[in-house]
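The values are calculated or read from the model by the stated rules, or taken from the named source; none is laboratory data. A quick note: this is a predicted structure, and the numbers were derived from the prediction, not measured. We place every Cβ from the backbone using ideal geometry, glycine too, and count neighbours over all the protein chains shown. Just so you know, the surface numbers come from the protein's heavy atoms only, side chains and all, with ligands and any DNA or RNA stripped out. Shrake-Rupley method; radii C 1.70, N 1.55, O 1.52, S 1.80 Å.
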Amino acid sequence: PMVSSGRLWRTLLSSGAALLSTTSARKVLREGYKDAHGITGVLPAFFALAHADGSHLRLRASKVLRHIDNWAPTRSLRSSARTCGGHQSAQSRLLALRGGARKAVEACLFDFDGTLAQSEDTHRRTFSEILGVELTEEHWNAKCVGSQPRLLLEQNLPPGRLEALNETLDGLLVRRSELFIRYVEQGKLQPTGGAQELIRELRERGIRCAVVSSGERRYIEKALRAMGIEDAIEFIVAGDDEEVEKHKPHPMPYALAAARMNLSPEACLAFEDTITGIRSAQGAGMRVVAMRTSVTQGLRVGDAEADEAAAAPAPSGVDLRSAAGLAPVAALVQDFTEVPRALFVAN
């Protein structure tokens, strides 16, 4: 049956946990092409899924293009001139997937903790207080940064802590969130240098902005308000949102953000400070600007081949917090004052 690109795009994004075999991937591409605009909407999602969850699908973009040529004449490919609200030809999009022409950035997606705000130490101290144990900076940076709050509590909860407090895990999460919010309201949350200025500049350029975080929506909203940039952020994808069924390093949070904006992944630029966050954004098919930290400072920087970025999963058994298998990041910056403005324009 005919399958519309929009429907196929949404289906692929929502099933990010699926592992596509080479055969099923070809079937997806073939069916998607029955719609004149199908292939330009399907390819980015196809590559994102190939990367997700350690899939062993490793087709190069050039190989995929040869399959496409077998199914559709060049005339049809050229007729697919506009997709996802953009104004780029299908052939240019396919070139971009092979590491060629790059389209202008239409949206910037920001992680919150450690990226927009220097909040990691505040999180560390509030979790330490709630858990009743000191989470050292070394332990926090190695094992906790980028984790979803519930998982963080489960992994660090001392035996007997819930019984001693006569509390549930959900109750501890609420306590921790309220404690963090008090810090925010007391003005103890430090924005990353240049964050507010960059976001205002992006809005003036017509570039849309959103937050994609593993954190809780409640404190992120209050923090954005305190930073004075709430109105510039179009929406938040938060770790406690019901629709976020899988968290970083899975591509789903970033894929959901792109879908909500009706944009292709290559039209988005992500900003992250953790390996799990970078892996999530790259897995969704996006370029990433990394904040320089002790964990990210050794990352490669450069224009990655798209098939390296999107079709090469982390080696089997590798810790997803490690940098193994990551494509180069677009830039590595200390704060937002160092972000190269050339990243926002087409080349």
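Look through ALA210, ALA226 and report the one residue that is of a type in the set (A, V, I, L, M, F, W, C) and either in a helix (DSSP H, G or I) or at pLDDT below 95 (or both).
Only one candidate qualifies: ALA226.
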Exercise for review: Considering only segment 176-202, state which residues are surrounded by 15 or more Cβ atoms within 10 Å (Cβ to Cβ) and more than 28 Å from the chain's Cα centre (by Cα).
Suggested key: none
**Study point:** Number of the condition not met by ALA223 [criteria: (1) under 23 Å from ALA284 (Cβ atoms); (2) in contact with a helix residue (DSSP H, G or I) (Cβ under 8 Å, 6 or more places away or on another chain); (3) open to solvent by less than 10 Å² (accessible area, probe 1.4 Å)]
**Key:** (1)
**Study point:** Which numbered condition ASN262 fails, given (1) surrounded by 20 or more Cβ atoms within 10 Å (Cβ to Cβ); (2) at pLDDT 95 or above
**Key:** (1)
Exercise for review: Could you tell me which of the residues VAL237, VAL244 is in contact with a strand residue (DSSP E or B) (Cβ under 8 Å, 6 or more places away or on another chain), open to solvent by less than 20 Å² (accessible area, probe 1.4 Å) and modelled with pLDDT under 95?
Suggested key: VAL244
Point to revise | Residue list for segment 143-165, filter: without any contact (Cβ under 8 Å) to a residue 24 or more places away in the chain and not in a helix (DSSP H, G or I) | key: PRO159, GLY160
**Study point:** Criterion (open to solvent by less than 10 Å² (accessible area, probe 1.4 Å), aliphatic (A, V, I, L, M) and modelled with pLDDT under 90) met by exactly one of ALA306, ALA311
**Key:** ALA311
